[in-house]
Amino acid sequence: MDVTVQWVHISWTKRSRGGIAATRRNAVPIGFVVPDASTPFAHLVTMSEQHDFQPSDTITDVTSVDVSLREAGGRLRVLPRISPLFAQPPRPRRPPAVWLAPGQWVRWHLNYRFSSASGMQDWSYWLDTFNIAYGSVEDDVFVGAPSRLVDERGPVR
């Protein structure tokens with residue numbers, strides 16, 4: 001399977017919901033140049049409020065990313081799994097899987113909201129963006145516009 005996966009994971013707390021901190025958070029990229037690595041691989045980029053939203057990246061195996069990938073009939077079926085279930089914002093209905101032809105790629109956004117069990121800590125939030133390309137791609141593929149865009153973000157209040 002000739003697939004390149006980039007998972008951009010951004011995390012923050014209620015302190016970055018407004019003002020200068022929110023401006024800094026909203027300015028972070030959602031696509032990066034992928035490092036030179038053997039395929040298939042996953043490029044994990046994490047950014048957090050704790051580290052002033054500075055990107056940190058690692059290379060990992062595609063199977064460690066919570067996305068269902070399946071080849072059939074010369075195309076790739078892509079569907080991120082929703083996890084963890086207890087942290088979902090309300091989602092009326094999940095969109096169907098996306099089918100990619102060779103040379104195409106999808107950008108899929110999912111967000112989450114968490115609170116402590118006792119309610120003693122601040123709310124915390126995640127934004128996961130999955131950039132997934134099928135077939136041979138250039139290292140800057142995820143910096144541009146995707147072939148398909150799925151925005152599954154829900155209200156996090």
> Out of all the residues in the stretch 96-117, which are polar (S, T, N, Q) and closer than 9 Å to S147 by Cβ?
Replying inline: Q104
> What's the number of the condition A22 fails, among (1) modelled with pLDDT under 95; (2) small (G, A, S); (3) within 19 Å of H109 (Cβ to Cβ); (4) part of a loop (DSSP other than H, G, I, E, B)?
Replying inline: (4)
> From the set of residues in the stretch 81-125 that are surrounded by fewer than 16 Cβ atoms within 10 Å (Cβ to Cβ) and polar (S, T, N, Q), which is modelled with the highest pLDDT?
Replying inline: S115
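Of the residues S48, S56, S64, S11, only one is touching a His at 6+ places or on another chain (Cβ under 9 Å) and not hydrophobic (A, V, I, L, M, F, W, C); which?
On inspection, the qualifying residue turns out to be S48.
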>> Quick check on R75: is it under 28 Å from P35 (Cβ atoms) and modelled with pLDDT of 95 or more?
In response: yes
>> Within the stretch 5-49, take every residue that is farther than 25 Å from D122 by Cβ and of a type in the set (S, T, Y) and give me the one that is surrounded by the most Cβ atoms within 10 Å (Cβ to Cβ).
In response: T39
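The values are calculated or read from the model by the stated rules, or taken from the named source; none is laboratory data. What you see is a predicted model, and the numbers here were worked out from it, not measured in a lab. Cβ coordinates were reconstructed from backbone atoms using ideal geometry, including for glycine residues, and neighbour counts include every protein chain displayed.
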